[in-house]
Amino acid sequence: MTATPIKKAPLGAGQRLAIDIGPIAIFFLVNFLTPGLDMVKLIAGTAAFMIASIAAMIYSLVRAGRISPMLWLTGTLVLVFGGLTLYFHNKDFIQIKPTVIYAMLSAILVFGLVTGRPLLSLFLEAAYPGLTETGWRKLTINWAIFFAFLAVLNEVVRHEFSYTFWLGFKLWGVIPLTLIFAFANVPMLMKHGFSVNNEPPIPPQE
């Protein structure tokens, strides 16, 4: 007799937020609290970022029984670029990681639009009942453009400003911009079947 596998409940909003924001928040926190030169801060923050990303993936696997595609993508790139940062003692690797993630997401969404595949819903981990096909298409176009914008913006900031400024930009610039952009899409979504009682679609932070 074969035992029936126990279906695990999906992660709650608070748990998803902790998984999405936790690793990057730890990265910022360790960077700001570590004394010494910028390189020391960089190494400490990057190491903490990698450990926190692994912990988030393990937590998701244990609690939800799976690791989302977005978490796989961001976690893998954190380990790759974080490892390069630690090995070469070069901040360029961890700074370029967001550019790579944003560019990949934008390209994936454009590919989904061209091939007619709902790839945005895969990364957002939500179905949003009631949202029409037109609504999903418009939302996908908006996020593809926004991710491309963030990729360019990250490159400008990392090249033109200091590492410390870049850290502040990531914390006080990108995260608020992403939240504002997500909520700015709500009026359009409501015209295409989205209910205000649902959470607005916000992708995880890299």
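The values are calculated or read from the model by the stated rules, or taken from the named source; none is laboratory data. The structure presented is a predicted model; accordingly, all values stated were derived computationally and were not measured. All Cβ positions, glycine included, derive from the backbone under ideal geometry; neighbour counts span all protein chains shown.
Going by what's in this entry, would F93 be described as of a type outside the set (G, A, S), closer than 26 Å to I19 by Cβ and touching a Gly at 6+ places or on another chain (Cβ under 8 Å)? When the stated conditions are applied, F93 passes them. With a requirement of 2 or more residues that are free of Cβ contacts under 8 Å to residues at least 60 places away in the same chain and in contact with a strand residue (DSSP E or B) (Cβ under 6 Å, 6 or more places away or on another chain), none of the helices (runs of 4 or more DSSP H) lying completely within the stretch 4-104 satisfies it. Here is the figure for the stretch 112-164: residues that are within 23 Å of F27 (Cβ to Cβ) and either at pLDDT 85 or above or acidic (D, E) (or both) total 19. State whether one or more residues within the stretch 161-169 are over 25 Å from M50 (Cβ atoms) and either part of a helix (DSSP H, G or I) or of a type outside the set (G, A, S) (or both). Within the stretch 161-169 (the criterion being over 25 Å from M50 (Cβ atoms) and either part of a helix (DSSP H, G or I) or of a type outside the set (G, A, S) (or both)), the answer is no, since none of the residues qualifies. The single condition among (1) modelled with pLDDT of 90 or more; (2) within 22 Å of the chain's Cα centre (by Cα); (3) surrounded by fewer than 20 Cβ atoms within 10 Å (Cβ to Cβ) that M50 does not satisfy is (3).
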